[in-house]
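Structure, as structure tokens:
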Amino acid sequence: MNAQLKKGVLELCVLARISKSDCYGYELTEHISQEMELATGTLYLILKRLRDEECVETYLVDAGNGPARKYYHLTDKGWQEYRKQYEEYQSFSAAVKHLLGEE
Amino acid sequence: MREQYMKALREALVHVNPEIEREIMEDFEAHFDMGLDEGKTEQELADELGDPVELAKQLEEEYGRFETPEKGAEMQAKEKKWYQEDMKENGVDYFTDTEGEIKVLKLDLAIADVSIVPSEDGVFRLVYRNSVNQGIFKKRLRYRTRVFRDTLVVHEEANGVSGRSYSSVEVEVPENFVHIEIKDRCGDIEIEKVDVEADVSVDTVSGDVRIEQLSTGEMRLCTVSGDIRIDNLKTEMMRAKSVSGDVHLEDSKCENTDCESVSGDLSMIGFQAKRMDFSTKSGDVELNLIGEEGYEVVAESLSGDVEMPRRERTSGLFVGGKYRGMIGNGEGRVYVKTLSGDIVVTE
């Protein structure tokens, strides 16, 4: 898949996953890489950016034997961002479908 | 594989802000930990994460390229132990001794101006700069720097360097420094507010020497045509030699003093010493003595005038141009000798 195309929607996919439930990095990369082929490292860069923009926040959870897991949680700002991007994507996707003659 | 991948990542992230680098490295380490727990291999995980160079590029695009040129240069210098096999030309070199190893400084220079000041944070630093106007002739200024144990050496060679070329050495020395040795041809030398345990030695041809507030065990100065000016020097033993340069000392205390010139004037104002020896061929000698004890004075000029303090504490005798006598109780000794210069002694 075209890298430029993917880049635009990846952030939305990340927001969507975290909106369902808090999760840790590895969980998120597994979830997304099952659906699409990508360098999972990129997702950590997106998480970092979302955190800088205060769309997500993190907390540590003791994982028993292993090292503590860093969980990501969607903030209010994150929800707004998610909704905004979701709508943008919907209208964009509808427009593309239309242009491709599918609808 | 994991180790190789993380190493490659660290290397790729050199131009990424260290804060971000640290965070990304942590995330990736955790990713490896969990992936391995889930039964994946290091190879699989590394492949999935993607090309470190590509990731670094994305980070640089997003957060900007992070540059640490100065720190980088310093670190590199430190790693190499600042050792240069070959002579270098035009450039700037930094040296910072964060471990407090450097105690001895040796400068062997051609045209560089030298400035030595105290280090505010106790860290030894040296910056060497030069720039040469090459012109149509092969004009060259080359330098080499070395660190050997506690000694830092800067060596500079000039070959037909034009007047517009310039070079400088700036040094910050910490309190417990032991030895400073400077050889220079035409650069000016300035030492200010420094405390050097053992000794300081300065040797120049035409450069001027300016010393202010220096305290050291032994001081040795030598110049051909450059002037020497010293304010507030404290030392056990001072020797100054000049051909045509003047030697001027003010408010200083040097237990033993030896000053010699051919045509340069010697002047000591507000000067205190146990034993002094001044000798010149055609220069004048001006001596303003302070201190509780008196002096036994021998002053001799073949064709010049000799003038002694007016107050009748003097009990000396003039025989020809030679004065021999006592000022006060005569604890200290002063010998002044000139062929054609004048001698003036005041209290």
Cα centre as origin, Lys/Arg/Asp/Glu Cβ charges: the stretch B:149-263 dipole, Debye: 360 debye
Between the Cα axis of helix A:76-99 and the main Cα principal axis of chain A, the angle (0 to 90°, nearest 10) is 30 degrees
Measure nothing fancy, just the Cα-based angle from helix B:69-79's long axis to the longest principal axis of chain B, in degrees from 0 to 90, nearest 10. 80 degrees
Looking only at other chains, what is the average number of their beta-carbon atoms within 10 angstrom of each beta-carbon in A:85-93? 0
How many Cβ atoms of partner chains, on average, are near each residue of B:31-40 if near means within 10 Å of its Cβ? 4
Longest principal axis of chain B (C-alpha) makes with the long axis of helix B:2-12 (C-alpha) an angle, in degrees to the nearest 10, of 50 degrees
Rounded, prolate or oblate: pick one for chain B, where a ≥ b ≥ c are the square roots of the eigenvalues of its C-alpha gyration tensor, a/c under 1.5 means rounded, and failing that, prolate if a/b is larger than b/c, else oblate. prolate
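Quick one: if you take sqrt(5λ) for each eigenvalue of the C-alpha gyration tensor of chain A, what semi-axes come out, biggest first, whole angstrom?
With the √(5λ) rule applied to chain A, the semi-axes are 28, 16, 11 Å.
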In the stretch B:178-271, if the dipole is taken from +1 on Lys/Arg beta carbons and -1 on Asp/Glu beta carbons about the Cα centre, which of B:Thr235, B:Ser252, B:Val202 is farthest to the positive end? B:Val202
Applying a 10 Å radius around every beta-carbon, put A:54-61, B:193-200 in order of their mean neighbour count, most first. B:193-200, A:54-61
The stretch A:51-101 to the stretch B:196-212: how many Å between their Cα centroids? 68 Å
What's the magnitude of the charge dipole for the protein assembly as shown around its Cα centre, counting Lys and Arg as +1 and Asp and Glu as -1 at the beta-carbon? Answer in Debye, nearest 20. 1580 debye
Under a point-charge model restricted to the Cβ atoms of Lys and Arg (+1) and Asp and Glu (-1), what is the dipole moment magnitude of chain B relative to its Cα centre, in debye to the nearest 20? 2520 debye
Around B:Val285, what is the net charge, scoring Lys/Arg as +1 and Asp/Glu as -1 over all other residues with Cβ under 10 Å from its Cβ? -3
When the charge dipole of the protein assembly as shown is computed with +1 on Lys and Arg Cβ and -1 on Asp and Glu Cβ about the Cα centre, the Cα farthest towards its positive end, among A:Tyr59, B:Val178, B:Tyr143, belongs to B:Tyr143
Global form of the protein assembly as shown, assessed from the alpha-carbon gyration tensor, a/c cut-off 1.5: prolate
Using the charge dipole of the protein assembly as shown (Lys, Arg: +1 at Cβ; Asp, Glu: -1 at Cβ; taken about the Cα centre), state which of A:Cys13, B:Ala30, B:Val117 has its Cα farthest towards the positive end. B:Val117
Per-residue Cβ counts within 10 Å, from other chains only, averaged over A:33-42: what number is that? 4
Using helices alone, I'd like the mean residue ellipticity at 222 nm for the protein assembly as shown: each DSSP H run of four-plus residues gives -39500 (n - 2.57), total over residue count, nearest 500. -9000 deg cm²/dmol
Order these peptides, B:166-179, A:31-44, by their mean beta-carbon neighbour count within 10 angstrom, highest first. B:166-179, A:31-44
How high is the relative contact order of chain B, in percent, counting Cα pairs under 8 Å that sit 6 or more residues apart? 9 percent
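Read-outs: derived from the displayed coordinates by stated rules, not from any lab. This one's a predicted model, so the numbers in the text were calculated from it and none came from an experiment. Backbone-built Cβ (ideal geometry, glycine too); neighbour counts: all protein chains shown.
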